[in-house]
Amino acid sequence: MSSIVDRYYKINRILLKALGIWPYQNSKWTHVQALIITSIYLSVLFVQLAVFVTHECTLKIIVDVLSFVFPTVLMLFLYDLFYFNTDFLKEVLDHLSYDWEFIRSEEEFIIMDDHASTAKIFTHIFLFLSSIGISVMIMSHIPIPIPTIIDVLLPLNLTRTQGLHLIVEYFVDPSKYFTLILIHLTISICLGVITITSTSLMLLGIGFHCCALFKLANYRMEIIMDQNILRIPSPEKEQIIYKRMIRAIDIHCRAFELCEYLVMNMQKWFLVIIVVGVTSLSINLLRFLEAITNLKIVELKVIDLFLPGALVFTHFCYLFFSNHIGQRVADNNDSIFNTIYNLPWYIAPLNVQKLLIFLLQKGTKTFYLSLSGLFDASYQGFTSLSMTSISYFTVLYSIQ
């Protein structure tokens with residue numbers, strides 16, 4: 001397991017260890033980490049919801065507060081998903097490591113390596129984007145002389161507050177955020193970005209591994225009856241075809257087993273995450289639209305435009321890639337039965353033909369990663385969730 005992790009999932013291990021939710025990390029410190037991180041999330045929710053007590057509840061305030069509350073709840077759910085399912089995730093990673101022992105040729109290794117390397121590339125890309133996001137959010141909370149930059153782009157005959165005066169305003173003007181609250185929110189946002197990045201990328205890596213198993217099963221089906229096998233005399237040919245078919249079915253069953261094991265143990269968590277995520281996306285779409293329509297260059301604040309935009313982008317990325325993995329699993333599974341159909345079954349022994357017919361019957365129904373029959377992970381699922389979010393956003397906008 002260590003060699004596979006070091007080669008493909010080293011960054012995932014580092015990030016999850018930093019949060020205390022790496023499945024193989026067994027120590028008392030992990031419980032302390034979990035307590036501290038959970039306390040930070042709960043304190044953030046308390047600070048956000050306290051606005052309803054200290055301010056008059058207008059629709060704008062409700063939208064502004066809930067646009068942060070729901071992403072925070074979503075991050076807390078993702079963290080708890082890993083923390084409370086440590087044993088389950090450990091079994092999944094053990095399954096993942098053991099699957100590499102089924103590789104029998106260089107071609108099969110290339111298939112597994114391509115999918116694992118793709119997951120590794122996604123890890124580097126999203127880690128880079130997350131670093132940029134954290135940097136922008138931190139800089140947006142630090143009072144830097146942004147108006148000076150604006151003077152170069154759009155000179156005005158007005159005095160603009162900048163530098164040290166901005167720091168004084170944070171303490172003097174009670175209508176603005178207090179510095180301590182800003183620091184607290186900055187730390188919590190950074191923690192949330194790390195949480196959603198590490199957990200999502202680990203789940204993405206597991207999803208790519210499922211796709212690799214189906215692809216590997218498809219490759220083994222393709223070579224069941226190649227030209228070299230068909231030239232062998234009948235008794236020996238039949239035995240070789242049986243052995244190759246067993247190897248293909250075996251890895252296909254392991255792919256099914258892993259997918260169904262994931263769905264069976266995680267579907268309740270995923271359903272809650274979908275509900276919270278769709279609601280969060282709808283509210284952040286409304287806030288992003290408000291930020292665009294009310295944008296004034298004189299009163300430019302990076303955080304007012306960047307943060308809702310980044311949240312909307314993150315929500316859509318999360319929805320798309322989770323459904324993309326589900327679609328890839330369904331497509332790779334269907335390709336197996338297309339491969340069986342295109343085999344030269346008509347020149348195979350009669351017993352082999354009967355087995356191939358049985359396998360074709362298994363492929364009459366498309367296999368989806370389904371959550372209690374309520375939602376199927378696919379491009380259609382991504383479209384339906386996106387349209388649902390946009391519908392809720394339209395309702396909120398019409399009410400406003």
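Which members of segment 324-376 meet the condition of being open to solvent by 20 Å² or more (accessible area, probe 1.4 Å), small (Gly, Ala, Ser) and in contact with a Leu (Cβ under 8 Å, 6 or more places away or on another chain)? SER372, the sole residue that qualifies.
So if I check each of VAL47, VAL65, VAL69, which one is open to solvent by less than 20 Å² (accessible area, probe 1.4 Å) and more than 23 Å from the chain's Cα centre (by Cα)?
The conditions single out VAL65.
The set of residues in segment 1-15 that are exposed (fewer than 15 other Cβ atoms within 10 Å of the Cβ) and either touching a Cys at 6+ places or on another chain (Cβ under 6 Å) or polar (S, T, N, Q) (or both) comprises SER2, SER3.
Only one of the numbered conditions (1) open to solvent by 20 Å² or more (accessible area, probe 1.4 Å); (2) at pLDDT 90 or above; (3) of a type outside the set (Val, Ile, Thr); (4) over 26 Å from LYS268 (Cβ atoms) is not met by ALA116, and that is (1). Of the residues making up segment 90-109, those that are assigned to a helix (DSSP H, G or I) and either within 25 Å of LEU191 (Cα to Cα) or open to solvent by 80 Å² or more (accessible area, probe 1.4 Å) (or both) number 7. Here is a check on your reading of the model: is SER67 of a type in the set (Gly, Ala, Ser) and modelled with pLDDT of 85 or more? So SER67 passes the test.
Residues that are small (Gly, Ala, Ser): list the helices (runs of 4 or more DSSP H) wholly contained in segment 1-69 that include at least 1 such residues. Those helices (runs of 4 or more DSSP H) span 2-8, 10-19, 28-49. One residue stands out in segment 16-29 among those that are modelled with pLDDT under 90 and touching a Lys or Arg at 6+ places or on another chain (Cβ under 9 Å): the one that is most open to solvent (accessible area, probe 1.4 Å), namely TYR24. Within this structure, GLY326 passes the test of being under 24 Å from LYS90 (Cα atoms), in a helix (DSSP H, G or I) and not acidic (Asp, Glu). Residue check: is LEU258 closer than 25 Å to GLY207 by Cβ, at pLDDT 90 or above, among the hydrophobic types (A, V, I, L, M, F, W, C) and surrounded by fewer than 16 Cβ atoms within 10 Å (Cβ to Cβ)? Here the answer is no, as LEU258 does not meet what is asked. Scanning segment 276-290 for residues that are without any contact (Cβ under 8 Å) to a residue 12 or more places away in the chain, surrounded by fewer than 20 Cβ atoms within 10 Å (Cβ to Cβ) and part of a helix (DSSP H, G or I) turns up nothing.
The values are calculated or read from the model by the stated rules, or taken from the named source; none is laboratory data. Source: prediction; values computed, not measured. Because the Cβ atoms are built from the backbone with ideal geometry, glycine has one as well, and the counts that use them run over all protein chains shown. Heads up: the accessible areas ignore ligands, DNA and RNA and are worked out on the full protein's heavy atoms, side chains in. Shrake-Rupley method; radii C 1.70, N 1.55, O 1.52, S 1.80 Å.
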